[in-house]
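One structure is given below, represented as structure tokens, and several questions about it will come after.
The values are calculated or read from the model by the stated rules, or taken from the named source; none is laboratory data. Predicted model, so just to flag it, every value in this text is computed and none were measured. Here the Cβ positions follow ideal geometry from the backbone for every residue, glycine too, while neighbour counts run over all protein chains shown. Side chains are part of the model used for accessible areas, which takes the heavy atoms of the whole protein and leaves out ligands, DNA and RNA. Shrake-Rupley method; radii C 1.70, N 1.55, O 1.52, S 1.80 Å.
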Amino acid sequence: MKKGNIGVTTENIFPVIKKFLYSDHEIFLREMVSNAVDATQKLKTLVQKGEFKGEVGDTTVRIILDAEAKTLTIADRGIGMTAEEIDKYINQIAFSGVTDFLDKYKEEANAIIGHFGLGFYSSFMVSDRVDIITKSYQDGAKAVKWSCDGSPSYTLEEVEKADRGSEIVLHISDDCKEFLEKARIETLLNKYCKFMTVPIAFGKKTEWKDGKQVDTEEDNIINDVEPLWTKTPSGLKDEDYKKFYRTLYPMQDEPLFWIHLNVDFPFHLTGILYFPRVHDSIDLQRNKIQLYCNQVFVTDQVEGIVPDFLTLLHGVIDSPDIPLNVSRSYLQSDANVKKISTYITKKVADRLQQIFKADRKDYEQKWDDLKLFINYGMLSQEDFYDRAKDFALFKDVEGNYSTFEEYQTLIKGEQTDKNGDLIYLYATNKDDQYAYISSAQNKGYSVLLFDGQLDIPLVSMLENKFEKSRFVRVDGDIVDRLIVKDDARKTALGEEDRDKLSEVFRSQMPSIDKATFNVDVESLGETAKPVVITQSEYMRRMKEMSRFQPGMSFYGQMPDSYTVVLNADHPLVKNVLDDANKSTAESLKPVDSDLKGLQARLAALRQSQKDKKPEDISQEEKDDVQNTEKAVNEQKDKRGRILSDYAKGNSIVHQLIDLALLQNGMLKGEALDKFLTRSVDLIK
């Protein structure tokens with residue numbers, strides 16, 4: 001028996017492995033099985049070269065669990081090792097001269113495995129002792145057993161072993177008993193080894209017999225050695241892709257479509273990416289793309305390898321040019337990653353363009369599911385917008401689809417304002433904004449439907465992309481001001497009547513949490529609605545954007561600002577004004593008289609002080625201005641109270657306000673009940 005110390009440049013590698021890799025200790029099984037598969041593949045290569053002429057036989061890698069003995073064995077019939085090879089590959093750990101790796105890698109300890117070739121030593125993350133019983137394929141080779149208990153010392157001795165290959169026996173630590181559970185091992189094999197290139201058996205298949213599950217004689221093969229992405233696309237049917245998708249994601253709906261990746265230059269990459277049916281959730285759909293290296297699972301956190309917007313896709317990417325490593329930071333620093341990301345973006349864009357051109361009707365039917373991906377891509381990646389603008393679609397409220405260019409041509413005639421700007425009208429909810437949509441359509445305008453999760457952020461981006469263009473929500477103003485063709489019509493009302501009408505309605509506006517109302521008077525024509533409520537396009541958009549951009553969160557705290565537009569041409573509004581003039585004439589006469597006198601005095605005082613320096617104005621003069629201002633405000637308050645008292649008893653004023661609120665979904669609870677009662681009374 002030979003004894004010795006493992007050649008490492010640190011005092012003891014094993015506590016380091018346990019300490020720094022413990023959070024990912026389950027990957028030991030991937031490493032062990034990968035080594036067994038590699039040994040088997042090397043034997044097959046020797047056969048192809050004619051360097052091994054013996055009987056190949058069964059090459060299945062076997063995983064054997066013995067819970068009583070507390071062992072997990074990975075056995076293969078690959079090339080095996082001689083004593084000299086064990087000394088070279090196991091006893092000497094090459095650190096490339098790096099002795100300070102503890103400090104260097106403590107923040108990204110996952111990079112130790114793979115970066116330093118420590119795959120085999122990951123077994124010590126879960127084991128008190130590891131035995132290697134191996135016999136080389138070479139003629140006359142002696143079987144040897146290597147054993148190490150987690151310290152730098154090891155033993156190596158000759159043993160009896162009838163067959164070539166290796167058995168790695170892990171004596172599982174007490175603090176890692178989970179790896180002695182059959183279900184846990186099955187889960188890990190399914191996660192990491194599902195598509196490895198050599199058959200992997202874990203126990204036997206079972207069948208139901210005499211009221212219980214019993215083992216059969218047939219091996220339980222847990223992997224598919226020729227997964228779909230390794231096959232030629234021309235030989236595959238749609239059902240093959242759908243079946244494979246069900247294998248990867250058993251509980252998911254059928255995908256929209258898929259892209260089969262296959263490239264040999266400037267790097268090797270294969271895979272299949274699926275577009276899932278996603279309506280309104282981004283974050284919940286991430287981590288669905290599985291990254292493989294030569295059919296060995298690496299990670300499902302593919303940020304940095306796949307462009308951010310494509311992490312919403314599902315599927316598989318396999319590339320030997322990506323290092324087998326669980327450290328994302330290391331993957332992102334790899335030179336090939338940028339090339340791969342760029343290639344995938346181009347491939348996805350080309351495929352979408354191809355589908356759009358080949359069957360536009362089918363593409364349009366899938367657009368509502370598809371647009372989340374495309375909008376996200378255009379928002380997050382400049383070069384993707386340049387590709388996607390030719391197959392991205394607008395959908396109007398009637399369900400018609402147009403490309404950006406087609407829609408621009410469609411609306412150019414009717415929706416260009418007096419300044420030459422093209423106005424894109426949109427709605428976010430067809431039912432809630434029905435009246436506004438209808439008014440716009442009656443003017444001959446087209447209205448887009450932007451009801452998706454990323455449609456509003458897209459609006460701001462498109463305004464920057466499109467020349468002389470603005471997007472306006474259809475309820476952002478009265479219809480005549482949505483697209484201003486010429487100067488606004490002047491109302492026939494004098495300033496005094498406008499102020500009186502505004503005060504009557506303003507005084508009766510309800511107090512709604514986080515909402516403010518301004519009142520405006522416009523001439524909209526006799527057939528237009530008597531009262532319309534609009535909301536500022538700018539403020540609403542800022543509030544909506546605050547949900548996506550943390551730096552704009554202060555907009556989200558601001559109240560909603562609404563404008564109540566009174567139609568001075570409508571008979572009902574005219575009647576309210578006439579009745580207000582008659583009902584308040586007597587009360588307002590002395591107030592208005594005093595107010596006019598005070599306002600004239602205030603104007604004269606200010607005029608007299610206009611050209612004086614502040615220090616030349618006496619305190620008496622300052623007090624005079626201040627007292628006059630106070631008296632003016634008192635008369636205005638008195639005037640407002642008179643008009644408010646009048647309006648309070650005018651059921652038509654309340655009815656018109658409530659109708660406008662109801663149209664905007666703002667009439668609820670007690671206010672809605674009062675409206676219904678008043679409506680019945682007015683009908684009587």
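How many residues, within segment 508-543, are open to solvent by 40 Å² or more (accessible area, probe 1.4 Å) and under 26 Å from Lys596 (Cβ atoms)?
Selection size over segment 508-543: 2.
Identify, please: which residue in segment 572-599 is among the small types (Gly, Ala, Ser) and surrounded by 11 or more Cβ atoms within 10 Å (Cβ to Cβ) and is, among those, farthest from Arg506 (Cα to Cα)?
Taking segment 572-599 first, the residues among the small types (Gly, Ala, Ser) are 580, 583, 585, 587, 593, 597.
Applying the additional criterion that residues be surrounded by 11 or more Cβ atoms within 10 Å (Cβ to Cβ) yields 580, 583, 587, 593, 597.
Numbers: Ala580: 14, Ser583: 18, Ser587: 19, Ser593: 23, Gly597: 25 Å.
Residue satisfying both the conditions and the ranking: Gly597.
To continue, here is another question. Against the conditions (1) touching a helix residue (DSSP H, G or I) at 6+ places or on another chain (Cβ under 7 Å); (2) in a helix (DSSP H, G or I), where does Phe394 fall short? Just the number, please.
(2)
Kindly establish whether Lys395 is among the basic types (Lys, Arg) and buried (at least 18 other Cβ atoms within 10 Å of the Cβ).
It is true that Lys395 is among the basic types (Lys, Arg) and buried (at least 18 other Cβ atoms within 10 Å of the Cβ).
Still on this structure: Filtering segment 529-545 down to residues that are more than 10 Å from Gly476 (Cα to Cα) and at pLDDT 85 or above, which residue is farthest from the chain's Cα centre (by Cα)?
Filtering segment 529-545 for residues that are more than 10 Å from Gly476 (Cα to Cα) and at pLDDT 85 or above, the one farthest from the chain's Cα centre (by Cα) comes out as Pro530.
Here's something else I'd like to know. Name every residue in segment 141-159 that is modelled with pLDDT of 90 or more and assigned to a loop (DSSP other than H, G, I, E, B), in order of residue number.
Listed by number, the residues that qualify are Ala141, Lys142, Ala143, Val159.
Then there is this: Hey, which of the strands (runs of 3 or more DSSP E) in segment 2-90, taking only ones fully inside, have at least 1 residues that are in contact with a strand residue (DSSP E or B) (Cβ under 6 Å, 6 or more places away or on another chain) and modelled with pLDDT under 90?
Filter on segment 2-90 gives 2-5.
May I pose another question? What are the pairs, 6+ residues apart or on separate chains, where a residue within segment 417-444 that is under 13 Å from Gly476 (Cα atoms) has its Cβ under 7 Å from a residue that is in a helix (DSSP H, G or I)?
Hits for this filter: Ile423/Leu482; Leu425/Ala440; Leu425/Leu482; Ala427/Ile437; Ala435/Gln663; Ser439/Val479; Ala440/Val479; Ala440/Leu482.
Could I ask something else about it? Does segment 642-671 hold any residues that are outside any loop (DSSP other than H, G, I, E, B) and surrounded by fewer than 14 Cβ atoms within 10 Å (Cβ to Cβ), and which are they?
Asp645, Lys648, Ser651, Gly669, Glu670
Here is a follow-up. Would you mind stating whether Lys412 is among the basic types (Lys, Arg), more than 28 Å from Val278 (Cα to Cα) and either at pLDDT below 90 or open to solvent by 40 Å² or more (accessible area, probe 1.4 Å) (or both)?
Numbers: among the basic types (Lys, Arg): yes; more than 28 Å from Val278 (Cα to Cα): yes; either at pLDDT below 90 or open to solvent by 40 Å² or more (accessible area, probe 1.4 Å) (or both): yes.
Against the criterion (among the basic types (Lys, Arg), more than 28 Å from Val278 (Cα to Cα) and either at pLDDT below 90 or open to solvent by 40 Å² or more (accessible area, probe 1.4 Å) (or both)), Lys412 qualifies.
For residues that are open to solvent by less than 40 Å² (accessible area, probe 1.4 Å) and either in contact with a strand residue (DSSP E or B) (Cβ under 6 Å, 6 or more places away or on another chain) or under 18 Å from Gln415 (Cβ atoms) (or both), tally how many sit in segment 452-476. Steps first, please.
Residues of segment 452-476 that are open to solvent by less than 40 Å² (accessible area, probe 1.4 Å), as a first pass: 452, 454-462, 466, 469, 471-476.
Filter again for either in contact with a strand residue (DSSP E or B) (Cβ under 6 Å, 6 or more places away or on another chain) or under 18 Å from Gln415 (Cβ atoms) (or both), leaving 459, 462, 466, 469, 471-476.
So the answer is 10.
Where residues in segment 210-220 are open to solvent by less than 70 Å² (accessible area, probe 1.4 Å) and closer than 24 Å to Arg77 by Cα, which of them is modelled with the lowest pLDDT?
Per the stated criteria, the residue is Thr216.
Is it fair to say Gln626 is more than 24 Å from Ile642 (Cα to Cα), open to solvent by 60 Å² or more (accessible area, probe 1.4 Å) and either at pLDDT below 90 or part of a helix (DSSP H, G or I) (or both)?
Yes, satisfied.
Could you list, in sequence order, the residues of segment 422-435 that are in a loop (DSSP other than H, G, I, E, B) and open to solvent by 30 Å² or more (accessible area, probe 1.4 Å)?
Passing the criteria: Thr428, Asn429, Lys430, Asp431, Asp432.
If you scan segment 131-187, which residues turn out to be among the basic types (Lys, Arg) and loosely packed, with under 14 Cβ neighbours inside 10 Å?
To start, the set of residues in segment 131-187 that are among the basic types (Lys, Arg) comprises 135, 142, 145, 161, 164, 177, 182, 184.
Correct list: Lys142, Lys177, Lys182.
Only one of Tyr192, Tyr245 is closer than 27 Å to Thr311 by Cβ, touching a helix residue (DSSP H, G or I) at 6+ places or on another chain (Cβ under 7 Å) and open to solvent by less than 80 Å² (accessible area, probe 1.4 Å). Can you tell me which?
Matching residue, one of Tyr192, Tyr245: Tyr192.
Moving on. Just need a number here: residues in segment 446-456 that are assigned to a loop (DSSP other than H, G, I, E, B) and either over 15 Å from Asp475 (Cβ atoms) or modelled with pLDDT of 95 or more (or both). Please lay out each step first, then the result.
Taking segment 446-456 as the starting set, the residues that turn out to be assigned to a loop (DSSP other than H, G, I, E, B) are 446, 450-454.
Filter once more, so that each one left must be either over 15 Å from Asp475 (Cβ atoms) or modelled with pLDDT of 95 or more (or both): 446, 452-454.
Total satisfying the criteria: 4.
Suppose the filter is closer than 21 Å to Arg77 by Cα and exposed (fewer than 13 other Cβ atoms within 10 Å of the Cβ); does Glu207 pass it?
no
A further question on this structure: If Ala388 meets every condition in (1) buried (at least 19 other Cβ atoms within 10 Å of the Cβ); (2) more than 26 Å from Val263 (Cβ to Cβ); (3) modelled with pLDDT under 95 apart from one, which number is that one?
The single condition Ala388 does not satisfy is (2).
Take segment 214-244 and flag every residue that is touching a Leu at 6+ places or on another chain (Cβ under 9 Å) and of a type outside the set (S, T, N, Q).
Ile222, Leu228, Trp229, Leu236, Asp240, Tyr241, Lys243, Phe244
Could we say that Glu405 is under 19 Å from Phe450 (Cβ atoms), open to solvent by 20 Å² or more (accessible area, probe 1.4 Å) and not in a loop (DSSP other than H, G, I, E, B) here?
Yes, satisfied.
Also, quick follow-up: Kindly indicate whether Asp264 is over 30 Å from Glu181 (Cβ atoms), out of contact with any His (no Cβ under 6 Å at 6 or more places or on another chain) and open to solvent by 100 Å² or more (accessible area, probe 1.4 Å).
So Asp264 fits the description; yes.
Continuing with this model, one more query. Restricting to segment 106-137, what's the tally of residues that are charged (D, E, K, R) and either modelled with pLDDT of 75 or more or not in a loop (DSSP other than H, G, I, E, B) (or both)?
Final tally of qualifying residues: 4.
OK, next. Any idea how many residues of segment 672-684 are open to solvent by 50 Å² or more (accessible area, probe 1.4 Å) and not in a loop (DSSP other than H, G, I, E, B)?
Qualifying residue count, segment 672-684: 9.
From Val504, Val484, grab the single residue that is crowded, with 17+ Cβ neighbours inside 10 Å and either more than 43 Å from the chain's Cα centre (by Cα) or assigned to a loop (DSSP other than H, G, I, E, B) (or both).
Val504 is the lone residue from the list that is crowded, with 17+ Cβ neighbours inside 10 Å and either more than 43 Å from the chain's Cα centre (by Cα) or assigned to a loop (DSSP other than H, G, I, E, B) (or both).
Would you be able to say whether some residue in segment 557-571 is under 30 Å from Lys514 (Cβ atoms), free of Cβ contacts under 8 Å to residues at least 12 places away in the same chain and open to solvent by 90 Å² or more (accessible area, probe 1.4 Å)?
yes
Would you confirm, using the coordinates I've provided, whether Phe297 is modelled with pLDDT of 70 or more, assigned to a strand (DSSP E or B) and open to solvent by less than 40 Å² (accessible area, probe 1.4 Å)?
Details: modelled with pLDDT of 70 or more: yes; assigned to a strand (DSSP E or B): yes; open to solvent by less than 40 Å² (accessible area, probe 1.4 Å): yes.
For Phe297, the condition - modelled with pLDDT of 70 or more, assigned to a strand (DSSP E or B) and open to solvent by less than 40 Å² (accessible area, probe 1.4 Å) - is met.
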